[in-house]
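Bear in mind these aren't lab numbers, they're just calculated from the coordinates by the rules spelled out. Just so it is clear, the model here is predicted, and its values are computed rather than measured. All Cβ positions, even for glycine, are placed from backbone atoms using ideal geometry, and neighbour counts span all protein chains on display.
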Amino acid sequence: MSSSLKTVSTSEGLLDELQATLAHGTVARRVETLRRVADLFISGAVEFSDDQIALFDDVFQCLMHHIETSAKALLSNRLAPIDRAPPLTVRALAFDDLIEVAAPVLSQSERLDDQALIETARSKSQAHLMAISTRKVLSGAVTDVLVQRGNDEVVQSVVGNPGAEFSERGFTRLVNRAEGNDVLTTCVGLRPNIPRHVYLKLIAKASETVRAKLEAANQPIAHEVSSAVREATRLARSAPSAMTQETAIAHALVKSLYEDGRLDEYQVAAFAEAGKFDEANAAVAALANVAVSIAENMMVETRAEGVMILAKISGMSWSTVRSIIKMREKLAGKEPSDLENCKATYERLRPSTAQQVLRFHRMQQTATPPAA
């Protein structure tokens with residue numbers, strides 16, 4: 001094979017030369033050809049133009065149809081760390097059914113975009129998903145698929161990956177996957193930027209051992225925020241809750257609005273319609289004159305009665321209540337409520353009844369847990 005690869009102006013001439021080699025060469029000769037082309041590419045990858053990289057792409061793909069698995073795996077290992085690796089070759093390697101070929105590029109190559117990773121995660125084996133889960137950076141769109149389709153090992157791997165991001169839908173799925181799994185629950189609870197409402201649901205389902213771990217891990221944060229922000233109900237919400245910086249900022253914003261006399265139900269509706277749980281929850285708490293932690297417990301209940309109780313005490317209209325209910329369902333990925341039924345219930349609800357129910361929630365919140 002000619003050594004003047006860099007000077008070849010079109011892929012056709014090089015491919016003709018390669019075809020001659022491939023047509024009459026042994027397997028060993030083909031593998032040697034691949035090695036030489038790979039060496040040549042790697043030595044000058046930084047300097048090659050897009051057209052030259054496209055030429056190598058043609059060459060590699062031609063060779064890949066004529067080589068054995070071990071040679072493909074070697075090529076995958078060599079191209080995976082190179083940012084400017086031939087994109088079509090990398091994609092072909094990533095979609096190979098054999099994990100020893102696909103894993104190196106799936107776990108490392110910057111040439112694979114989210115679309116390619118998602119397509120692979122939706123169609124290939126759990127081993128392929130495991131390789132993807134170890135990438136340095138993972139977007140929420142990719143982790144959504146990994147959490148939805150991956151087995152326990154894959155999910156544990158992606159949750160433990162500090163470079164992985166999760167959408168709210170992904171976090172909600174993780175809470176469901178983590179139920180009964182103390183290791184996964186702990187890992188999810190320690191993730192930075194876990195949405196507040198998701199954290200509360202996780203705590204509610206967690207075992208006492210896990211709650212103690214999360215409490216210990218988040219103790220510095222817990223001391224910095226208001227002492228009112230704690231879970232202490234008889235219904236499995238007994239651990240201090242972690243509060244992210246985003247939640248603390250949201251609470252400070254609402255406090256400022258309230259103190260300036262600018263907080264009303266229209267602002268609550270605006271928060272809800274924007275999907276801002278922390279702000280909406282703190283605003284409802286302020287208008288109902290209850291602790292944020294009490295409002296949180298009532299807001300994340302499976303049914304919508306807690307929301308209606310707080311709204312009735314605050315004198316809110318049905319349209320605002322409807323916005324809050326829709327926000328809860330969207331964030332939790334739940335089926336839509338029967339809004340007509342909810343509306344009828346809300347209109348029948350008396351403020352005095354709402355106050356009685358709220359007193360019960362306050363009693364739960366302030367109850368002293370039994371000694372261990």
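Can you compute the FRET efficiency between PHE360 and GLU153 using 1/(1 + (r/R0)^6), with r the Cβ-Cβ distance and R0 = 41 Å? Round to the nearest 0.05.
That gives a FRET efficiency of 0.40.
Place the peptides 170-183, 101-114 in order of packing, highest mean first, counting for every residue the other Cβ atoms within 10 Å and averaging per peptide.
Those peptides, ordered most packed to least, come out 101-114, 170-183.
Can you list the residues of region 144-164 with backbone N under 16 Å from a point 7 Å past the Cα of ASN176, pointing along Cα to Cβ?
Backbone N within reach: 144-152, 155.
Taking a 20 Å limit on the Cα-Cα distance, which of the listed pairs LYS312/LYS343; LYS205/LYS312; LYS276/LYS326; LYS276/LYS330; LYS213/LYS276 fall beyond it?
Pairs exceeding 20 Å: LYS205/LYS312; LYS213/LYS276.
Per 0.36 nm of contour for each residue apart, how much would the distance between GLU347 and LYS205 grow if the chain were fully extended, relative to their Cα-Cα spacing? Before the final figure, lay out the partial values.
Details: separation 142, 0.36 × 142 = 51.12 nm, distance 3.22 nm.
Here the segment from GLU347 to LYS205 would lengthen by 47.9 nm.
So if the hydrodynamic radius of region 33-141 is defined as the Kirkwood radius over C-alpha pairs, what does Stokes-Einstein give as its diffusion coefficient at 37 °C and 0.692 mPa s, in µm² per second? Present the calculation step by step, with values, prior to reporting the outcome.
Working: Rh = 13.9 Å.
The diffusion coefficient I find is 236 µm²/s.
Enter the mean projected area of the convex hull around the alpha-carbon atoms of region 83-135, in nm², rounded to one decimal.
3.0 nm²
Fully extended, how many nm does the chain gain between ASP97 and GLU47 (0.36 nm per residue separation, minus their Cα-Cα distance)?
Length gained between ASP97 and GLU47: 14.8 nm.
So, in nm, how far is label ASP114 from label GLN126 when the simple model puts each one 7 Å beyond its Cα toward the Cβ?
So the two model labels end up 2.7 nm from each other.
Excluding THR89 itself, calculate the net charge of residues whose Cβ lies under 13 Å from the Cβ of THR89, where each Lys or Arg counts +1 and each Asp or Glu counts -1. Please report the intermediate quantities before stating the final value.
On the way: positive: LYS72, ARG78, ARG84, ARG91, ARG111; negative: ASP57, ASP58, ASP96.
Counting the neighbours of THR89, the net charge comes to +2.
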